[in-house]
Amino acid sequence: MELTNYLVLAAVLFTIGATTVLLRRNAIIVFMGIELMLNATNLTFVTFARMHGDLHGQVIAFFVMVVAAAEVVVGLAIIVAIFRTRRSASVDDVNLLKN
Amino acid sequence: MPTVTLLSALPRAQELSTLLPGRLPTTLGAQEIVPATTFVPGPFLLAPLLIALPLLGALVLLLAGRRSDRWGAWFGVLMSAGAFVVALVVFFSMLGLPADERVVDHRLFDWIAVGGLDVGVGLRLDPLSMTFVLLVTFVGTLIHVYAVAYMEHDPDKRRFFAYLNLFVAAMLLLVLADSYLVLFVGWEGVGLASYLLIGFWNHERANAVAAKKAFIMNRVGDLGLIVALMLMFAGFGAVDFATVFADAPEVGAGLLTATGLALLVAACGKSAQFPLQAWLGDAMAGPTPVSALIHAATMVTAGVYLVVRSAPIYEGSPTAQLVVVVVGAVTLLFGAIVGCAKDDIKKVLAASTMSQIGYMMLAAGLGPIGYAFAIFHLVTHGFFKAGMFLGAGSVMHGMEDGVDMRRFGALSRYMKVTWVTFGLGWLAILGIPPFSGFWSKDKIIEAAFVPVDGQEWRAWVFGGVALLGAGITAFYMSRLFFMTFHGRARWNDGSGNPTGTSPTDGPVRHPHESPALMTAPMIVLAVGSAALGGLLAFGNVFVDWLSPVTGHAEHAEPVLPVWSLITATLVLVLLGVLLAWRQFAVAPVPIVPPRGSVLTRAARQDLYQDQVNEAVLMRPGQYLTRFLVYGDRQMVDGGWMGLAGLVGATGEKLRGMQNGFVRSYAATMLAGLIVIVAVVLAVTTGTGS
């Protein structure tokens with residue numbers, strides 16, 4: 001199986017994730033976009049590791065997973081806190097820190 | 001090496017003193033100026049007191065404030081008189097020394113010692129400085145006494161005496177200094193004191209402006225002295241008299257000319273010589289004792305002192321000497337012409353001072369032949385001009401501070417003492433024998449008629465100017481005298497005029513003689529005006545006394561015989577007096593000044609000196625300033641303000657991007673990332689890696 005296909009798939013996933021982050025307002029959906037981008041990156045790392053025949057990329061993929069898990073915990077906590085105070089999960093409503 | 005010079009110098013000095021006992025009919029050149037010795041005889045150690053006493057007076061009076069109001073005036077008099085007593089002690093001990101040991105440098109303390117420059121503060125005691133010290137302290141003390149009565153009702157009398165003392169102290173420092181730098185300190189002190197005194201009644205705007213004018217014009221002159229100091233430091237590596245004068249014959253004529261001209265600028269500023277003369281007339285804004293002090297003893301004489309003191313510099317530069325003579329001649333005529341048209345009694349006297357100082361400058365520029373007479377005239381002038389200023393003050397005192405001579409007249413009946421003392425001063429300035437002025441002024445005219453370097457045109461031109469000046473002086477001084485003391489009374493005596501002899505308009509005046517405290521100094525000065533010249537001229541005493549400083553002049557013949565010069569001068573003087581008598585004593589003097597000729601109108605305006613200064617210097621200066629300020633605002637400030645504005649405006653625009661929307665920030669980050677990746681790609685493919 002051609003390894004390039006994995007890279008193309010990763011690129012497509014990353015683009016979908018990025019578009020989700022930029023276009024959707026719901027914080028949960030934005031979060032999912034971010035997760036999609038992270039996993040697209042992971043796929044790329046693993047693919048390149050396979051191409052070059054060493055383990056560096058795979059190790060980094062684990063790191064990303066750990067960081068992503070931690071990030072989800074913190075991020076969801078923030079979203080819940082915001083939802084409790086503002087009764088909304090829209091990121092456009094969270095603009096009070098400007099100016 | 002030092003021992004050798006000492007040994008070789010020692011016998012020569014002894015030889016001189018044994019070979020030249022007293023006076024010798026000598027034809028030695030100007031090089032015979034006696035070098036300064038550093039051995040200080042006992043009484044000379046008192047000399048610092050000369051400066052310290054008046055300075056102490058000024059300090060005490062200024063610091064003690066209102067507490068000293070009661071005794072302040074007499075304390076000032078006491079300090080000035082104390083300085084005079086010290087001056088007498090030093091003078092008599094100097095008389096006891098042989099002539100070639102009378103020049104003494106008394107070093108007091110080190111002041112500035114950096115690199116090649118070593119300036120100490122010291123006093124030069126020699127016949128020239130002692131002459132000035134005696135004049136300043138004696139006349140100064142008399143003016144102090146006079147001022148006690150004149151300023152009696154002034155609430156700030158104490159401050160006035162503090163300034164007077166400061167003036168005397170600064171002038172003494174000026175004439176006693178042993179280097180140009182210390183002289184400069186005194187020079188500035190005199191400028192400061194004159195500023196404070198001219199503007200003493202500064203609650204009136206005109207007086208404050210006059211003080212400022214005097215100060216600023218003096219600053220222009222001071223600049224000349226500063227330049228001279230720099231030139232000396234560059235050329236001689238020293239600024240003390242001893243070194244500079246000893247080295248003067250060895251340096252180039254160019255340096256001497258430049259230094260001489262710079263010194264002349266300084267002298268012009270202080271002595272109100274053309275072209276820096278404009279401040280003198282306005283300086284009359286000060287109280288009359290101040291005018292007397294400025295015009296007789298201190299301040300204006302400083303310029304003449306500077307030129308005579310710097311004789312060795314001028315000796316090396318005939319060009320600078322010629323310029324000094326020209327300045328003297330121009331000022332002489334300038335002052336005389338202005339004096340003929342003024343109606344303000346003090347302004348006439350001021351113009352006359354300018355003219356008389358012009359005579360001294362002229363003499364000082366003639367070289368060794370004139371130095372002694374310049375100083376001689378300065379001394380006699382100090383007496384008669386101080387006397388006349390005090391007389392004018394006395395007239396003003398009796399006339400409720402009126403100064404318009406067209407409102408005077410016939411005052412001789414009411415102020416006998418003032419009339420007589422003023423009359424003696426008048427005869428002295430006219431140069432009528434045997435009064436003081438004759439002995440000094442006539443000698444200057446005679447010296448001016450001596451050709452310099454065989455150039456006869458100079459003798460005729462400058463001699464002619466001096467002669468003409470004597471005639472004009474006689475006219476305007478007689479005009480002043482007759483308008484004030486003779487003719488018909490032109491003031492309103494308040495009687496309603498039953499006899500029809502005095503006008504009924506104008507303020508009422510009750511002329512009366514001044515108190516004894518004022519007339520006593522006038523009498524002393526009048527005696528000096530009458531007798532001093534003859535006494536000092538008798539047996540050439542004064543010229544011989546000064547000879548260690550000024551050198552012996554070679555005897556030279558004027559282009560005309562001496563007797564004919566004296567006759568011509570006297571004839572011109574008498575003509576001037578007669579003319580003034582006819583016009584201002586016999587004929588009625590109009591109260592409203594007639595329109596007059598073009599020259600009269602010009603002279604009333606001081607020959608347009610202020611207009612010229614304003615048009616030539618002030619306005620271009622203002623335009624230049626405005627242009628520079630405009631340039632600064634537009635170009636320099638404008639540039640930086642524009643840059644700041646640009647940064648500010650950009651920031652304002654960028655601020656809009658901080659909208660608080662997370663998605664917008666994310667888009668920015670993405671765009672940035674894409675740009676970075678694009679750049680990295682472009683760079684890596686561009687370098688072929």
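The values are calculated or read from the model by the stated rules, or taken from the named source; none is laboratory data. Source: prediction; values computed, not measured. Cβ coordinates were reconstructed from backbone atoms using ideal geometry, including for glycine residues, and neighbour counts include every protein chain displayed.
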Return yes or no: is B:TRP111 modelled with pLDDT of 80 or more and over 20 Å from B:LEU173 (Cβ atoms)? no
Within the bounds of region B:249-267, is there any residue that is at pLDDT 90 or above, farther than 27 Å from B:VAL168 by Cα, crowded, with 21+ Cβ neighbours inside 10 Å and not β-branched (Val, Ile, Thr)? yes
Would you be able to say whether some residue in region B:610-624 is modelled with pLDDT of 80 or more and either within 14 Å of chain A (Cβ to nearest Cβ) or surrounded by fewer than 10 Cβ atoms within 10 Å (Cβ to Cβ) (or both)? no
For region B:251-268, the count of residues that are free of Cβ contacts under 8 Å to residues at least 60 places away in the same chain, over 16 Å from B:VAL326 (Cα atoms) and of a type in the set (A, V, I, L, M, F, W, C) equals 2
Could you list all residues from region B:190-220 that are surrounded by fewer than 18 Cβ atoms within 10 Å (Cβ to Cβ), outside any loop (DSSP other than H, G, I, E, B) and charged (D, E, K, R)? B:ARG205, B:LYS212, B:ARG219
Output the residues belonging to region A:40-99 that are within 15 Å of the chain's Cα centre (by Cα) and of a type in the set (Asp, Glu). A:GLU71
I'd like the full set of residues that are of a type outside the set (Phe, Trp, Tyr) and modelled with pLDDT of 80 or more, limited to region B:474-489. B:ALA474, B:MET477, B:SER478, B:ARG479, B:LEU480, B:MET483, B:THR484, B:HIS486, B:GLY487, B:ARG488
What helices (runs of 4 or more DSSP H) lie completely within chain A and have 1 or more residues being among the aromatic types (Phe, Trp, Tyr) and within 12 Å of chain B (Cβ to nearest Cβ)? A:4-23, A:27-52
Can you name the number of the only condition in (1) surrounded by fewer than 24 Cβ atoms within 10 Å (Cβ to Cβ); (2) more than 18 Å from B:GLN277 (Cβ to Cβ) that B:ALA320 fails? (1)
Cβ pairs under 8 Å, 6+ apart or interchain, first in region B:413-431 and under 26 Å from B:ASP442 (Cβ atoms), second outside any helix (DSSP H, G or I) and basic (Lys, Arg), ordered by first then second residue, are none
The condition from (1) farther than 20 Å from B:ASP344 by Cα; (2) in contact (Cβ under 8 Å) with a residue 40 or more places away in the chain that B:ARG633 misses is numbered (2)
Region B:657-676 residues that are more than 7 Å from every other protein chain (Cβ to nearest Cβ) and over 15 Å from A:ARG24 (Cα atoms), paired with ones that are of a type in the set (Val, Ile, Thr) and assigned to a helix (DSSP H, G or I) (beta carbon under 6 Å, 6 or more apart): none
Check B:ASP126 against each of (1) in contact (Cβ under 8 Å) with a residue 60 or more places away in the chain; (2) out of contact with any Pro (no Cβ under 7 Å at 6 or more places or on another chain); (3) closer than 29 Å to B:PHE233 by Cα; (4) acidic (Asp, Glu) and name the one condition it does not meet. (2)
Determine if region B:221-238 includes at least one residue that is of a type outside the set (A, V, I, L, M), more than 30 Å from B:ASP110 (Cβ to Cβ), surrounded by fewer than 22 Cβ atoms within 10 Å (Cβ to Cβ) and without any contact (Cβ under 8 Å) to a residue 40 or more places away in the chain. no
Among the residues of region B:257-282, which ones are in contact with a Ser or Thr (Cβ under 8 Å, 6 or more places away or on another chain) and either under 22 Å from B:ASP606 (Cα atoms) or of a type in the set (Asp, Glu) (or both)? B:SER271, B:ALA272, B:GLN273, B:PHE274, B:GLN277, B:LEU280
Determine whether B:VAL90 is touching a strand residue (DSSP E or B) at 6+ places or on another chain (Cβ under 8 Å), aliphatic (A, V, I, L, M), surrounded by 21 or more Cβ atoms within 10 Å (Cβ to Cβ) and under 15 Å from B:ASP240 (Cα atoms). no
